[in-house]
Amino acid sequence: MLVEDIMTRDVETVSPSTNICDALAIMEERRIRHLPVLAGGALVGIVSEGDLKEAQSLVIRDCREGAERRTPVEVVMRRRVFTAHPLDPIEEAALVMYRRRIGCLPVVSGGELVGIVTQTDLIRSLVELMGVNRSSSRLEVQVPDRPGMLAQIAELIRKHGVNISSVLTLPAEEAGEKKLVFRLQTIDLRRIAGDIREAGYRITWPPTLDETR
Amino acid sequence: MKHRAAFVYSPAYAAYSFGTEHPFNARRLELTVDLLQSMGLLYPSDVEEPRPATPEQLELKHSKQYVATVEASSRTGRPVPGAAEYGLGTEDNPVFPGMHEAASLIVGGTLTAAELVASGRYTHALSIGGGLHHAGADTASGFCIYNDIAVAIEHLKRSYGVRVAYIDTDAHHGDGVQWLFYSDPEVLTVSVHETGRYLFPGTGYVEERGAGAGYGYSVNVPLEAFTEDDSFIEALEKVLPPVLEDFRPDIIVSQHGCDGHRLDPLTDLCLSIRSYALVPRLIHELAHALCDGRWVAVGGGGYNIWSVVPRAWAYLWASMAERSVPEVIPHNWSAKWAPRSPVPLPQRVTDEGFPPVRRRREIEEKNRITVARVLGGLVRRRQG
Ligand SMILES: [Zn+2]
Ligand SMILES: [Zn+2]
């Protein structure tokens with residue numbers, strides 16, 4: 001699974017000159033904990049709920065009613081921002097967040113902010129992740145969302161004597177359908193894929209030579 | 001004599017065959033050799049006969065029990081009890097009578113090539129039947145029974161005390177060779193491949209950098225599915241020179257699987273013959289710049305045996321022998337094979353150029369980020 005599959009695309013942002021009180025208000029209103037800071041379309045920093053807590057004295061001074069709002073976000077924001085790419089696997093994003101002890105990664109592509117991925121997004125997708133512990137290939141099959149489908153596909157795989165390393169199910173884009181994602185212990189999926197297609201199911205990975213290229 | 005190159009080959013390689021329905025088709029070697037001959041690129045004096053590897057040589061990198069299991073299954077042509085635990089008798093790696101002998105000859109070919117170069121008889125040697133990079137110490141995997149590359153590298157280390165740089169540009173991760181030298185600082189393994197996120201074997205991530213004393217001596221460049229020539233070549237040109245210069249090898253061993261070609265049915269890379277002409281040229285230059293030209297090359301994956309393998313490997317051998325590949329495929333080759341080919345045979349050695357893939361820009365961008373992470377790790381090793 002890729003960062004682009006789980007990221008939030010509609011990102012709330014602020015500018016370096018946004019007052020910290022306004023930033024805090026946006027976080028509270030949108031129930032978010034991070035705001036990327038953009039200047040002229042470029043990502044120049046990030047400010048989190050935690051950063052504002054650390055700058056509590058400034059917040060208290062600035063945000064009282066009638067007080068002069070003197071502190072812009074650029075005073076408290078972090079300028080060293082770790083980012084992700086839309087095509088990063090989510091486990092990589094998780095690793096960066098874990099190692100750097102940070103709660104989110106802005107997603108940047110072509111120099112532009114295209115999304116944000118947070119710990120919450122990762123935890124949600126964790127259940128969909130599968131490990132690779134034996135040499136194996138990925139097979140994705142789209143099936144109707146009803147009982148017995150996994151057994152049917154597994155039976156077609158069994159006929160080839162191929163061991164299944166792991167399997168998970170994902171919701172499909174189409175209503176009433178779901179995706180079965182297997183790691184199969186074979187280098188060549190063509191015969192199994194052929195049998196599954198012949199049985200009337202759609203293979204969403206691997207593509208055939210004519211597809212997607 | 002500076003560029004003397006040996007072509008290690010025997011028609012007996014055809015015995016390494018899992019049957020006509022199996023994707024690993026031994027006929028690809030025959031097609032390749034025939035194309036080289038009809039192009040005037042291969043002379044009888046280039047060819048050296050392989051000697052079969054002995055069980056003792058196989059056991060340089062394989063367990064005794066595994067070799068015994070292959071031998072026993074090979075005698076009857078059926079998997080002996082317990083063979084499945086070694087990955088034998090599956091659709092990928094079916095057992096056939098004589099498989100031990102056939103696989104031993106392939107290993108012997110790579111050992112012969114290594115010996116020819118290390119002894120100084122030749123500057124370069126190509127073991128066209130070799131390249132079985134997935135086999136492990138006690139596992140058959142991905143059509144590979146014995147790991148000819150790992151056995152030959154271990155032989156080079158023990159008999160000549162050399163530092164070996166291994167370069168693998170097959171579309172699949174060179175997992176077998178990597179794991180067999182994972183904690184060895186005398187053997188650098190570099191694999192450039194389609195990411196294991198989807199493709200077999202599922203490994204070869206940037207963070208697999210080696211273990212213990214071997215930390216920093218495994219280098220992986222996992223490229224996106226649908227990667228095309230420009231991005232593939234850019235990655236190779238950015239990674240190989242600094243990584244190899246840093247390591248200072250005494251000899252280079254390279255694997256030349258050509259299954260990343262757009263017309264290969266088993267992978268999702270979208271390369272053309274242009275990439276397969278560049279890879280040997282780049283490695284050839286590095287060999288002369290870094291280790292007096294000492295270079296052993298092996299074949300590898302390649303499952304479009306009609307349109308891709310003979311052309312890709314014509315460039316490999318031509319580069320090693322310093323001969324130039326004619327643009328047009330000789331008519332006698334096409335006439336001979338067309339009746340047996342299920343697809344139209346190519347008329348030129350280069351590809352016409354394929355339409356661009358849909359997400360080219362993002363794929364190139366992502367591959368650049370991957371390359372930067374690979375190189376970042378190299379810098380850290382230097383500092384450490
Ligand atoms: Zn040379
Ligand atoms: Zn391969």
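The values are calculated or read from the model by the stated rules, or taken from the named source; none is laboratory data. None of the values given here were measured: they were computed from a predicted structure. Every residue, glycine among them, receives a Cβ derived from its backbone with ideal geometry; neighbour counts consider all protein chains shown. All accessible areas refer to the heavy atoms of the entire protein, side chains included, with ligands and DNA or RNA removed. Shrake-Rupley method; radii C 1.70, N 1.55, O 1.52, S 1.80 Å.
Grab the helices (runs of 4 or more DSSP H) fully contained in segment B:33-132, keeping just those with 1 or more residues being closer than 15 Å to B:Tyr9 by Cα. Outline the logic, then answer.
On the way: elements: B:55-58, B:64-76, B:99-118.
Correct list: B:99-118.
Inspect all residues belonging to segment B:145-166 and state whether any of them is within 14 Å of chain A (Cβ to nearest Cβ), out of contact with any Phe, Trp or Tyr (no Cβ under 6 Å at 6 or more places or on another chain) and either under 24 Å from B:Phe18 (Cβ atoms) or touching a residue at least 40 places away in the same chain (Cβ under 8 Å) (or both).
yes
Can you pull out every residue in segment B:283-302 that is within 16 Å of ligand 2 (Cβ to nearest atom) and either open to solvent by 10 Å² or more (accessible area, probe 1.4 Å) or of a type in the set (Gly, Ala, Ser) (or both)?
We begin by selecting, within segment B:283-302, every residue within 16 Å of ligand 2 (Cβ to nearest atom); these are B:297-302.
Passing the criteria: B:Ala297, B:Gly299, B:Gly300, B:Gly301, B:Gly302.
Are any of the residues in segment B:333-340 at pLDDT 95 or above, closer than 30 Å to B:Ile149 by Cα and aromatic (Phe, Trp, Tyr)?
no
Given (1) closer than 21 Å to B:Arg348 by Cβ; (2) part of a loop (DSSP other than H, G, I, E, B); (3) within 16 Å of ligand 1 (Cβ to nearest atom), where does B:Trp306 come up short, assuming only one miss?
(3)
Within segment B:340-360, restricting attention to residues that are more than 25 Å from B:Val325 (Cβ to Cβ) and touching a strand residue (DSSP E or B) at 6+ places or on another chain (Cβ under 9 Å), which residue is nearest to the other protein chains (Cβ to nearest Cβ)?
Residue satisfying both the conditions and the ranking: B:Val357.
Only one of these is modelled with pLDDT of 95 or more, of a type in the set (Ser, Thr, Tyr) and open to solvent by 10 Å² or more (accessible area, probe 1.4 Å): B:Ser275, B:Ser307. Name it. Talk me through it step by step, then tell me what you get.
Details: B:Ser275 fails: open to solvent by 10 Å² or more (accessible area, probe 1.4 Å).
Criteria check complete, one pass: B:Ser307.
Restricting attention to segment A:1-31, and to residues there that are aliphatic (A, V, I, L, M) and out of contact with any helix residue (DSSP H, G or I) (no Cβ under 8 Å at 6 or more places or on another chain), which single residue is nearest to A:Asp88 (Cα to Cα)?
Here is the first cut: in segment A:1-31, the ones aliphatic (A, V, I, L, M) are A:1-3, A:6-7, A:11, A:14, A:20, A:23-27.
With the extra rule that they be out of contact with any helix residue (DSSP H, G or I) (no Cβ under 8 Å at 6 or more places or on another chain), the set shrinks to A:11, A:25-26.
Working: A:Val11: 18, A:Ala25: 32, A:Ile26: 28 Å.
Among them, the one singled out is A:Val11.
Quick one: which of A:Gly41, A:Gly111 is within 14 Å of chain B (Cβ to nearest Cβ), touching a residue at least 12 places away in the same chain (Cβ under 8 Å), at positive phi and of a type in the set (Gly, Ala, Ser)?
On inspection, the qualifying residue turns out to be A:Gly111.
Yes or no, residue by residue, for (1) within 14 Å of chain A (Cβ to nearest Cβ); (2) β-branched (Val, Ile, Thr); (3) crowded, with 24+ Cβ neighbours inside 10 Å:
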residue: B:Glu71; (1), (2), (3): no, no, no
residue: B:Gly82; (1), (2), (3): no, no, no
residue: B:Glu85; (1), (2), (3): yes, no, no
residue: B:Thr90; (1), (2), (3): yes, yes, no
residue: B:Ser127; (1), (2), (3): no, no, yes
residue: B:Gly130; (1), (2), (3): no, no, yes
residue: B:Gly136; (1), (2), (3): yes, no, no
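Can you say whether A:Ile26 is touching a residue at least 40 places away in the same chain (Cβ under 8 Å) and out of contact with any Phe, Trp or Tyr (no Cβ under 6 Å at 6 or more places or on another chain), as far as the supplied structure shows?
no
How do the helices (runs of 4 or more DSSP H) wholly within segment A:101-213 filter down when requiring 1 or more residues that are aliphatic (A, V, I, L, M), more than 20 Å from the chain's Cα centre (by Cα) and modelled with pLDDT of 90 or more: which remain? Outline the logic, then answer.
Details: elements: A:119-126, A:149-158, A:190-198.
Helices (runs of 4 or more DSSP H) meeting the threshold: A:149-158, A:190-198.
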